[in-house]
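Down below is the structure, laid out as structure tokens.
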Amino acid sequence: MNIGELTAKIRADIGPLQEGMAGAEKAVHDAGKTMSDEFYKVENQIKKVGQTMASVGQKMSLFVTTPIVAGLTMAFKSASDLNENINKTEVAFKDVSDEVKAWSKTTLVSFGLAQSSALDAVSLYGDMATSMGLNTKEAAKLSMALVGLGADLSSFKNIGIEQAQTALSGIFTGETESLKRLGIVMTEVTLKEFAFKEGITKKIDSMTQAEKVQLRYNYVMSATTNAQGDFLRTSEGTANQMRLFKESLKETSAAFGSILLPVITPVIKKINEFIQAMGRWDTETKKIVLTIAVVVAAIGPLLTGLGYTAIGLAKVSAAVKFLSVAIAANPVGAL
């Protein structure tokens, strides 16, 4: 067989082989493309699911979790404050404290004051009254009247309740400047004139502290007749409705919080006991705890770093797989 015939025979044999290789190359190329498309489809689906979950989680945290936690915190604090104010009231008024506590349950409607707010104010006045020599019954009567007057003056003068209550403290201290800001001019001259009209012949300088307090109280009450009862008269107004809203929220929070107190207080007590016990540990134990704390604190950043490394390796792995498919799709180039 000559060279020409041999060449023709080789070409004839190679032809089908080339066609087969071309077909295989196309099949591998199509398979690689299909695998790549499916890979990206799955990746996009996972990404969409992740984005949806993250969005739902953020919205729930913002609109559900955060308000609930804030509400529970407020409820716990309101109940705790109420308990503290009840304790102060019992100490200030002793044998008549039950009467004062019963009155405080009506102040939300009568004066726009939550029970806790009313007890806080009345116990302060009660402490000052008894320190001036009034007995607990007299102190309770005078203090409850002043709390109500403070609420009415706040409504009548359109000022903060704290400003009115502070001004009325002048009945015990003799300070008159803050009372002047409420339109109540209480000087030695006006007190003498008032005492004379009331048929009181005893000189003010000769009066006991309790008698002076009673005289100032009677004078202030006579000078504020226009303001008395103003909250009830104007309770439908915007300003008083806003105050009522705030105080009603405090009262309701305290009611719910009273359920939380028996549950949370023992837990806080145990935590406090543990913290105090930690302070009594020896030096070696404290060093061990600090070492463990440092190691634990480092775990978070370490895991974060490893996570980013894993993500990077995953991306490299995906690139290698894609490159392998590309090479397999072109065996001639690979050879």
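The values are calculated or read from the model by the stated rules, or taken from the named source; none is laboratory data. Bear in mind that the values here come from a model prediction, so they are computed numbers and not experimental data. Cβ: placed from backbone, ideal geometry, glycine included. Neighbour counts: every protein chain shown. Surface areas here come from the heavy atoms of the whole protein model, side chains and all, with no ligands, DNA or RNA. Shrake-Rupley method; radii C 1.70, N 1.55, O 1.52, S 1.80 Å.
The HN-Hα couplings worked out from phi for region 214-221 by the Karplus form 6.51 cos²θ - 1.76 cosθ + 1.60 (θ = phi - 60°) are 5, 5, 4, 4, 4, 5, 4, 5 Hz, whole numbers, x standing for Gly and Pro. The GluC sites (Glu not before Pro) found in region 175-263 that occupy coil by DSSP, while having at most 14 further C-beta atoms within 10 Å, are 175, 198, 236.
Label separation (residue 221 vs residue 141): 0.8 nm, computed from points 7 Å beyond Cα along the C-beta direction. On the beta carbon distance between residue 236 and residue 293, with R0 = 56 Å, the FRET formula returns roughly 0.45. The figure for residue 117 is an accessible area of roughly 20 square angstrom, using a 1.4 Å probe on the protein chains alone.
Computed from the C-beta positions of residue 157 and residue 193 and an R0 of 22 Å, the FRET efficiency is 0.35 to the nearest 0.05.
Here the calculated FRET efficiency for residue 99 and residue 263, from their Cβ-Cβ distance with R0 = 35 Å, stands at 0.65, rounded to the nearest 0.05. The figure for residue 250 is an accessible area of roughly 60 square angstrom, using a 1.4 Å probe on the protein chains alone.
Label zone of residue 248 (point 7 Å out along Cα→Cβ, amide N under 16 Å): in region 100-140 this covers 106-115. For region 262-271, putting each phi into the Karplus relation 6.51 cos²θ - 1.76 cosθ + 1.60 with θ = phi - 60° gives couplings of x, 8, 7, 4, x, 5, 4, 4, 5, 4 Hz, in residue order, rounded to whole numbers and with x for Gly and Pro.
Entry note, region 167-229: relative contact order of 34 percent, from Cα contacts under 8 Å with a spacing of 6+ residues. Entry note, region 148-280: relative contact order of 25 percent, from Cα contacts under 8 Å with a spacing of 6+ residues.
Ranked from largest to smallest solvent-accessible area, with a 1.4 Å probe on the protein heavy atoms, 234, 291, 190 come out as 291, 234, 190.
Between the amide H of residue 113 and those of 108, distances stay under 5 Å, these residues lying 5 or more places away or on another chain, with hydrogens modeled in the peptide plane.
Taking a ≥ b ≥ c as the square roots of the eigenvalues of the alpha-carbon gyration tensor, region 97-204 is classed oblate because a/c is 1.5 or more while a/b is no larger than b/c.
With 27 Å as the limit on Cα-Cα distance, the pairs of 101/192; 94/157; 137/202; 141/250; 105/141 that go past it are 101/192; 94/157.
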